[in-house]
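Inspection log for the structure reproduced underneath, given as structure tokens.
Please treat every number below as a calculation from the coordinates, not as lab data. A quick note: this is a predicted structure, and the numbers were derived from the prediction, not measured. Here Cβ is always computed from backbone atoms with ideal geometry, including for glycine, and neighbour counts include all displayed protein chains.
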Amino acid sequence: MHADADDSGLQWTQGASLRELNSFGVDARASVLAVADNISAVVEAIERAESKALPLQVLGGGSNILLAGDVDAVVLVPRLRGIEWLSGAPDRRRVRVAAGENWHDFVDLSLREGAFGLENLALIPGTIGASPIQNIGAYGVEVEAFIEHVEVYDRQAHGIDHLTRAQCEFSYRDSVFKRHPERYIVLSVEFELLARPAPLLEYAGIADELIARGIAAPSSRDVFNAVCAIRRQKLPDPAVIGNAGSFFKNPVVTPAQADSLRHKYPNLPVFAIPSGSRKLAAAWMIDQCGWKGARIGDAGVHSEHALVLVNHGRASGAEILALSREIQRSVQKAFDVQLEPEPRVLGATGT
């Protein structure tokens, strides 16, 4: 392994291990690891990769990725920092946040600054830069509702651009960035948050947790704390056991498909969504197929949450990927529903 760094803020390391940069904790290497501390260093890394005709992959917090093998590419980690509060309408709080900032820490900070709306998205792992890519969502909130602009480096146009919410083409766990990963690199995100609290309590899990805490008139901070407690109960800590949170998306189907499945499986949870389609509970289907708590070697399914795949210690990314495909086949056979992985899959068998 050879590393070099310069005054531009770019560290360029050949043959670098990625074990500490992915929440599954799987061992894989990158042809080159490029860590960029500022936008100029990001551009320099891109130009170096292009000059050497090397593919480029961007890695943020590593919490929504599965490394299925070594990555034959320049792996760029944009460690961009900075939070700037901007002027805006009286009932809104605008803020620009650099891509390398921690998502959960920013949600916490936003409440302390009197900016509300993101509290239902507390404790989601990863960086700010990943939030628009995945259009992260939880407990009735999707981040797209609060995004005004996303600052990107457009590799096709060779320059920096600012995309509006409409140009981001958000949908369920999807965006233009996810559909064109080789074109856009997120540099910062501008949010427009609420200046007054408006807690969203419709999800039963939140209401139940607040009742258990004896809170009748919850504040946004109470919701934040409740969401953190729920997520800690349901989801394992990657520092204790490797995982990337929910591994599969909840599948979206037509009302007719949902009605047909409910006729066969009356206990299947089905949720209406604004588009008119129906969202199915992937965890329920995986559990019905007998996968909850299952283990093949050190690759397994969490005993408390069937959506979460885990690394019990020495599983390779390829082994976790193989397990995920077995689960997909089981659900397809039992319910005629195709599950789609949520994490990006990189590496020898995943690219």
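Details
- Highest-MSF residue in the chain out of Ala283, Ala204, Ala166 [GNM, Cα springs under 10 Å]: Ala204
- Extension gain for the segment Arg19 to Arg196, taken as residue separation times 0.36 nm less the Cα-Cα distance, is 59.5 nm to one decimal.
- Potential extension, His312-Ala212 segment - 0.36 nm per residue separation minus Cα distance: 32.8 nm
- Each helix, a run of at least 4 DSSP H residues, gives -39500 (n - 2.57); summed and divided by the residues of the chain, these come to -8000 deg cm²/dmol at 222 nm.
- Once each of the GluC sites (Glu not before Pro) sitting in a DSSP loop with at most 16 other beta-carbon atoms within 10 Å is removed, the chain keeps 1-112 as its longest stretch.
- Residue-count net charge about Val252 - beta-carbon cut-off 9 Å; Lys, Arg +1, Asp, Glu -1: +3
- Residues of the stretch 219-249 with amide N under 18 Å of the 7 Å Cα→Cβ point at Ile273: 246-249
- Sum of side-chain charges, Gly293 neighbourhood, beta-carbon under 15 Å (Lys, Arg +1; Asp, Glu -1): -1
- Virtual paramagnetic centre 7 Å along Cα→Cβ of Lys333, amide N under 17 Å, in the stretch 286-324: 286-292, 294-296, 322-324
- Cα centroid separation, the stretch 24-87 to the stretch 234-274 (Å): 31
- A cut-off under 13 angstrom between Cβ atoms defines the neighbours of Glu182, and their net charge, with Lys, Arg +1 and Asp, Glu -1, is +3.
- Within a Gaussian network of the chain (alpha carbon springs, distance under 10 Å), most fluctuating of Pro132, Pro55, Pro255: Pro255
- Across q = 0.06, 0.14, 0.15 Å⁻¹, the chain modelled as identical point scatterers on its alpha-carbon atoms has Debye log10 I(q)/I(0) values of -0.23, -1.26, -1.41, in the order of the q list.
- The chain: most fluctuating residue of Asp222, Asp208, Asp108 per GNM, C-alpha cutoff 10 Å: Asp208
- Stretching Arg221 away from Arg183 to a fully extended chain increases their span by 9.9 nm, per 0.36 nm per residue minus the current alpha-carbon distance.
- Eligible lysines near Lys279 by straight Cα distance, threshold 18 Å, same-chain separation 8 or greater: Lys249, Lys264
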